[in-house]
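The values are calculated or read from the model by the stated rules, or taken from the named source; none is laboratory data. Treat the numbers as computed from the prediction; the structure is a model and nothing was measured. We place every Cβ from the backbone using ideal geometry, glycine too, and count neighbours over all the protein chains shown. In case anyone asks, the SASA skips ligands and DNA or RNA and just uses the protein heavy atoms, side chains included. Shrake-Rupley method; radii C 1.70, N 1.55, O 1.52, S 1.80 Å.
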Amino acid sequence: MIINAKIPKFKSLVPLKETETNYLLWPPKFSSLPSFLQHYINSDTPIYGQKIHSYILKTGYKPNTNICIKLLILHLKSSCLLYARQMFDEMPQPTLSAYNYMISGYVKHGLVLEAFDIVRKLCVCGEMPDGFTLSMILKGSTSVNAELYSRYIGKQVHSRIFKCVVEGDDVLYTALVDSYVKSGRVDYARRVFDLMLERNVVCSTSLITGYMNQGCIEEAEDVFSKTMEKDVVVFNAMIEGYSKQVENAKKAIEVYIDMQRLGFRLNISTFASIIGACSSLAAFEIGQQVHGQLMKTELIEHVKIASALIDMYSKCGRVEDARRIFNHMPEKNVFSWTSMIDGYGKNGYPNEALELFSTMRIDHLIVPNYVTFLSALSACAHSGLVAKGREIFESMERDYSMKPRMEHYACMVDLLGRSGSLNQALEFVINMPESPDSDVWAALLSSCRLHGDVELTNLAANELFKLSSGSRPGAYVALSNALADAGRWDGVSELREIMKTRGVSKGTGFSWVGSDGILKAFFAGQQT
C-alpha cells in the first residue's frame, strides 16, 4: 500500500529559478533529456527537474529505460515517493537497478513494508536480487516499522548468501550482523562476524552493542580486543555498555581515560555515556572532572549533556548543583525537566519536585512523559500527598490521553499504602483495568509490612508468589518479618521450609563505601 502524502501536482510545481533555466535551453531536445535529468539529480534542488517529466507527459514522448530510471531517481531525491512509484509501475520491464532504487527509496523514508512488497515483485518476475538488494532488505528489517518481519528476514538473507546465490561482501555481511543483533540473535551475528575475512569497525560496534545489551560483558570485550582499527564510536559502545551495570561502571571510566591517552576526540555520546557511568557509581568527584572538561567545549550547552549532568548530580545527592545547571540551560526539554523533578523527589524535596512539575506544565506548556508522571507520583508518595497524587494520576488519561502503565499503578499503591490507607490500596489493586503484575503486589506488600497488617501482608505475598515464586526473595523476608512481629513463629518456620524447598535464599547484605571517588560494595563477612 502506498501512502498518499501531500505532493504537489506537476502543473503547480515551483517554477524554475533563473539560474536553473540558464543551464540548458528550454524546451530541451529529446536527445538532451538524459543530460537535463542528470543535472537536476546532481543538484541541491532536484525537485525543479520535475518540470521535465511534465514536459514529457505533455508531448506524449515515450521515454526509454534509461530516462525512466533517471526520472525515478529524480522523484526519489525529491522525496516524491508517489510519483516515483507511478514511474516504476509504468515501466514495461523494470530492471534490477530500478527495483533497487525503489527499494532503497522506501527504506530511506521508513516505508519498510512497501519496500518488502517491491522485493516480492522482484522475485515473482524472475529477477535475481544482488548484494545491494539484500543489504537494503537487511537495513529495512532493523527499522521499527519492520514489524514481525525483523525476526526471520536475517535468516532468509543469510540462507541466500550461504547457497552462493549472491556473493557476499563487507557491506552485506555488516548489514547481516546488524540485522541479527537488532533482532536479538547475537549468537548468529557472532557466527557471521567470525567468518568475515576483514572485520570492520562498524560491524564490531554493532556486535559489541548487542553483547552489552544482553549483559555478555566478556564477549563484548573479546570483540573489542579483536578490533584492530578502533574509532570513537566503538569506544563509546564499550563505555555505554559498561555504564549500564553498576558492577562494571568503573571499567567505563578506564576506557574513557584510555580514549584520551590515545588522542581520540571525545564527542557528545562519549560524555553522555561517561556521565551515566558516574551516575551509576555516584562518583561525584569524577563527575566534577568530566563537567570541568565539558566547560571547555560547546557541548556544555547541549540539552542532552545538561540533562545527564542534572541526573548525575542528583544521584550524588548534590541537588543544588543540579538545579544550578538546570537554571542556566539555554534550552530545556521534557527530559531535562523530568531529571530535575526526579532529582528533587529522590533527595527528599517532594514540594520542590511538585512545584517544578506544575511550572513545567502550566507556565512552560511542556507535555510530561510517562517518566515525568512517575517522578511526580513518587514525590507524592514520599510526602504523603494522597489527594495530589490521585489528581496527577487521573490527569494522565484525562488531560494528556496517556494510559497509565503498570509502574504508575504500583506507585499509586505505594502512595496509598504509605499513608496507611491499606484497604484503599487493596481496592485500587482489585479495580485495576489490567491484571496487576509483581511490582504492584510488591508495593502493597511493602506497605502492609510497614503498618504491621499481617493478613494483608500474607495476601499480597501469596499473590506475589504466584507471579514470581523464586525471583522475589524480599517478599519471603517481608512476610517472615511480619509473622515474627505478630509472634506467629510457627508461620515463620513454615515459611522458611517453603523457601528451602523452592530454593529461595535471602541475598547477602552489603554496604556501599566511598573509595577513590567511587562507591564500592562490601558484603557481609568480606575480608578487606
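In the range 64-86, the residues that are under 17 Å from Asn42 (Cα atoms) and in contact (Cβ under 8 Å) with a residue 24 or more places away in the chain reach residues that are open to solvent by 20 Å² or more (accessible area, probe 1.4 Å) and not in a helix (DSSP H, G or I) with C-beta atoms within less than 6 angstrom, at least six apart or across chains, in these pairs: Cys80/Ile7. Scoring Ile362 on the criteria (1) free of Cβ contacts under 8 Å to residues at least 24 places away in the same chain; (2) open to solvent by less than 60 Å² (accessible area, probe 1.4 Å); (3) of a type in the set (A, V, I, L, M, F, W, C) leaves a single failure, condition (2). When the range 185-212 is filtered for residues that are assigned to a loop (DSSP other than H, G, I, E, B) and within 15 Å of Val171 (Cα to Cα), the ones remaining, listed by number, are Met196, Leu197, Glu198, Arg199, Asn200. May I ask you to verify whether Lys403 is out of contact with any Lys or Arg (no Cβ under 8 Å at 6 or more places or on another chain), within 24 Å of Val246 (Cβ to Cβ) and of a type outside the set (A, V, I, L, M)? Considered against the rule, which asks whether it is out of contact with any Lys or Arg (no Cβ under 8 Å at 6 or more places or on another chain), within 24 Å of Val246 (Cβ to Cβ) and of a type outside the set (A, V, I, L, M), Lys403 comes out as no.
For the range 375-391, the criterion of a residue being of a type outside the set (A, V, I, L, M, F, W, C), surrounded by 23 or more Cβ atoms within 10 Å (Cβ to Cβ) and on the phi < 0 side of the Ramachandran plot is satisfied by at least one position. Looking across the range 283-295 at every residue that is part of a helix (DSSP H, G or I) and among the small types (Gly, Ala, Ser), the one that is nearest to Ser243 (Cα to Cα) is identified as Gly287.
The residue that is nearest to Pro94 (Cα to Cα), among those in the range 62-81 that are not polar (S, T, N, Q) and not in a helix (DSSP H, G or I), is Pro63. Condition first: over 24 Å from the mean Cα position of the chain (by Cα) and assigned to a helix (DSSP H, G or I). Now tell me which residues in the range 431-446 satisfy that. If the condition is that a residue be over 24 Å from the mean Cα position of the chain (by Cα) and assigned to a helix (DSSP H, G or I), then Ser438, Val440, Trp441, Ala442, Ala443, Leu444, Leu445, Ser446 are the ones that fit. Which of the residues spanning the range 324-356 are open to solvent by 70 Å² or more (accessible area, probe 1.4 Å) and either β-branched (Val, Ile, Thr) or within 22 Å of Ala381 (Cα to Cα) (or both)? Residues satisfying the conditions are Phe335, Lys346, Tyr349, Asn351, Glu352, Glu355.
Among all residues of the range 267-282, there is at least one that is aliphatic (A, V, I, L, M), closer than 30 Å to Thr297 by Cα, assigned to a helix (DSSP H, G or I) and in contact (Cβ under 8 Å) with a residue 40 or more places away in the chain. Tally up the residues in the range 28-71 that are among the hydroxyl-bearing types (Ser, Thr, Tyr) and within 15 Å of Gln86 (Cβ to Cβ), please. The total comes to 1. Is the range 74-92 home to any residue that is touching a Cys at 6+ places or on another chain (Cβ under 6 Å) and open to solvent by less than 20 Å² (accessible area, probe 1.4 Å)? Scanning the range 74-92 turns up at least one residue that is touching a Cys at 6+ places or on another chain (Cβ under 6 Å) and open to solvent by less than 20 Å² (accessible area, probe 1.4 Å). With respect to (1) open to solvent by less than 60 Å² (accessible area, probe 1.4 Å); (2) out of contact with any Asp or Glu (no Cβ under 9 Å at 6 or more places or on another chain); (3) not in a helix (DSSP H, G or I); (4) not acidic (Asp, Glu), the lone exception for Ser307 is condition (3).
Go through the range 213-250 and report how many residues are open to solvent by 40 Å² or more (accessible area, probe 1.4 Å), assigned to a helix (DSSP H, G or I), touching a residue at least 24 places away in the same chain (Cβ under 8 Å) and not hydrophobic (A, V, I, L, M, F, W, C). Here the count works out to 5.
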